[in-house]
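What follows is a set of notes on a single structure, which appears directly below.
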Amino acid sequence: MLDTINDLLSRRKIPQLDEVQMSALLHHLFKIRTRALRSEVAEVVYRFDHDHPNAQDLFLACTLPSAQIAAQRKASKLFVYPSDWQIEVFYDGAVEAAIGMFRANRPLADVPNAFRRYLVRAMSSGMLRAYFRREENSGIRSVGDVSAIRSRETVVPNTIEREVIAGELLEQVTNWPYLRSPLLAMLQCIAALGPDLALKEHAYTASGDPDKWKREWHRRPILDADAIAEAMGIPKQDVHRYLCQARVILRHVFNPDGRLFLIH
């Protein structure tokens, strides 16, 4: 194996080996403890024999042991007691970065240790990218004083409780004694019709552009003025006028600060 590796380094070309010999060389490079030798082989493969069929395998056999060590060091620097899962995520990012570096095959800068600098920087960026692009880790930032962070309590809505509150509120609204008789009659008619008959789906766009409704549209329930007018036996214009007057009064009485049914 040493003769084969020396031949590779001296000729700057991957020697002709059969499948068994190449497998043995890959295994030897992956297990060898001499990090500097692995780096030399990886650089030769990257610079001078990139198009060889086994070039990527040799490159990864030389760089993956470094990726594993780098992942453990990075996790130890960022976390007091890093978990196996965190180390694995960093390792996956380093491996992905090494593969991307080899396939991109960018020319190296004319500086000392250019290959090693490029490899270390690519792996470090790949580890952080792999960790923080996960949904559960996005938006994480470091702070000096943990006690200064104000925790945000997540309120889980109680569906049954909200339905009970909505039913009680509907009862109060439709029987509020200070509304004029036409407005009160209209509200009671809406309650009697129920959501299946008193509501309809309305298509709208978030941008407000009516020309885009065929491409970008959403649906929300609104009161069906035609159904209410038919049930009450009055013109549709009267329904709209009564709704406008009732909204102003009911908003002022039941929801003056706009916090009714506000979901945090």
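The values are calculated or read from the model by the stated rules, or taken from the named source; none is laboratory data. Fair warning: this is a prediction, and the values are worked out from it, not measured in the lab. Cβ coordinates were reconstructed from backbone atoms using ideal geometry, including for glycine residues, and neighbour counts include every protein chain displayed.
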Of all the residues that make up region 3-54, how many are in a loop (DSSP other than H, G, I, E, B) and either among the hydrophobic types (A, V, I, L, M, F, W, C) or within 19 Å of Ser66 (Cα to Cα) (or both)?
5
Being farther than 25 Å from His28 by Cβ and assigned to a helix (DSSP H, G or I) is the requirement here; does Arg121 meet it?
yes
Can you name every residue in region 69-85 that is surrounded by fewer than 20 Cβ atoms within 10 Å (Cβ to Cβ) and part of a helix (DSSP H, G or I)?
Ile69, Gln72, Arg73, Ser76, Lys77, Leu78, Asp84, Trp85
Would you mind stating whether Ala61 is surrounded by fewer than 17 Cβ atoms within 10 Å (Cβ to Cβ), in the same structural domain as Leu119 (by TED's automatic domain parsing) and either outside any loop (DSSP other than H, G, I, E, B) or within 25 Å of the chain's Cα centre (by Cα) (or both)?
no
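Let's see how each residue does on (1) buried (at least 17 other Cβ atoms within 10 Å of the Cβ); (2) more than 11 Å from Ala61 (Cα to Cα); (3) modelled with pLDDT under 90; (4) in contact with a His (Cβ under 8 Å, 6 or more places away or on another chain):
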| residue | (1), (2), (3), (4) |
| --- | --- |
| Met1 | no, yes, yes, yes |
| Ser23 | no, no, no, no |
| Ile32 | yes, no, yes, no |
| Tyr46 | yes, yes, no, no |
| His50 | no, yes, no, no |
Of these, Tyr91, Tyr118, which one is within 30 Å of Ile5 (Cα to Cα), under 22 Å from the mean Cα position of the chain (by Cα) and of a type in the set (Phe, Trp, Tyr)?
Tyr91
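The rows are residues; the columns are (1) farther than 16 Å from Tyr46 by Cα; (2) of a type in the set (Lys, Arg); (3) surrounded by 13 or more Cβ atoms within 10 Å (Cβ to Cβ).
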site: Gly93; (1), (2), (3): yes, no, yes
site: Ala104; (1), (2), (3): no, no, no
site: Ala109; (1), (2), (3): no, no, no
site: Tyr118; (1), (2), (3): no, no, yes
site: Ser124; (1), (2), (3): yes, no, yes
When the residues of region 210-243 are narrowed to those that are assigned to a strand (DSSP E or B) and within 26 Å of Leu169 (Cα to Cα), which ends up modelled with the highest pLDDT?
Leu223
What number of residues within region 244-264 satisfy the criterion of being more than 18 Å from Glu161 (Cα to Cα) and either part of a loop (DSSP other than H, G, I, E, B) or at pLDDT below 75 (or both)?
4
Can you pull out the residues in region 165-209 that are among the β-branched types (Val, Ile, Thr) and modelled with pLDDT of 85 or more?
Val173, Thr174, Ile190
Residues of region 163-188 being free of Cβ contacts under 8 Å to residues at least 24 places away in the same chain and crowded, with 16+ Cβ neighbours inside 10 Å, in sequence order, are Thr174, Leu184
